[in-house]
Amino acid sequence: LQAVLGDNGKLYVAADYCRTLVDFKLDSLQALRTAISVLHQKYGVPNVVVSSIPLTSQRVSWLPNALIVPRGQGQSAEGINYADEGLLCLASSRDGDESVVHATVIPQIRGFFSGVGDLFSAMILGHYDPSPEQTRNELGAKSGQSTALSRAVSNAIRTTHAVLRKTARASALVPGSSEDGFTDEELDTRDEARRVRRMKARELRIVQSADIILRAGRIDSDEGWDLEEMWHWADFWS
């Protein structure tokens, strides 16, 4: 189930509809726990991924110390603008009566990119392999209690973020990008052509990122930083 109800702090549907699945607001860590539990138990969904929760100052307090929150890094030489808030991603796998939760915090690249959710979902599906042999091959000292879902989501995050970085660098070279900026709000309502230019410039470079997708987002050591595996949040339910 991929229920796309909104993005970038806005809803595509009426606010009341967003409560249909769980019937309450996700305004606390306990509410998040309850929502995941409802999806597992009431709807029988064994694998749940919460892809991108903006980490406001309140939500940062939910996190254990092991989850380091990336802060805004300004504008890099490659033209990538990072937001001050990171994005929390959770993966919960339920087998029987127990649910194993993994989490990571993703550096948020500012601006609108079309198709990110579709790419992320496709990468999870493509990398999801629950076979025992695959589990034995990928389990290591660092992985701890990794699951088929946490490994698939880790690969999806690395791949999607690498494609986004490539797209952000390419869009910065498009003529007029410095004047148009990267936010959705400012002048779009007054200048329809500006919105079209920005969306076209920020269309995901999927074809140009074939090598990134084949490597599951893993990059060469001289190309920059990489995103780590998801962290096992052992006391999430406590």
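The values are calculated or read from the model by the stated rules, or taken from the named source; none is laboratory data. Everything numeric in this text was worked out from a predicted model, so none of it was measured. All Cβ positions, even for glycine, are placed from backbone atoms using ideal geometry, and neighbour counts span all protein chains on display. The accessibility values were calculated without ligands, DNA or RNA, using every heavy atom of the protein model including side chains. Shrake-Rupley method; radii C 1.70, N 1.55, O 1.52, S 1.80 Å.
For the reader, a short list of remarks on this structure follows.
- Environment charge at Trp237 (Cβ cut-off 10 Å; Lys +1, Arg +1, Asp -1, Glu -1): -1
- Spin-label model, Val207/Glu98: points 7 Å from Cα along the beta carbon direction are separated by 4.8 nm.
- Area of Leu29 that stays accessible when all protein chains are in place (1.4 Å probe, Å², to 10): 30 Å²
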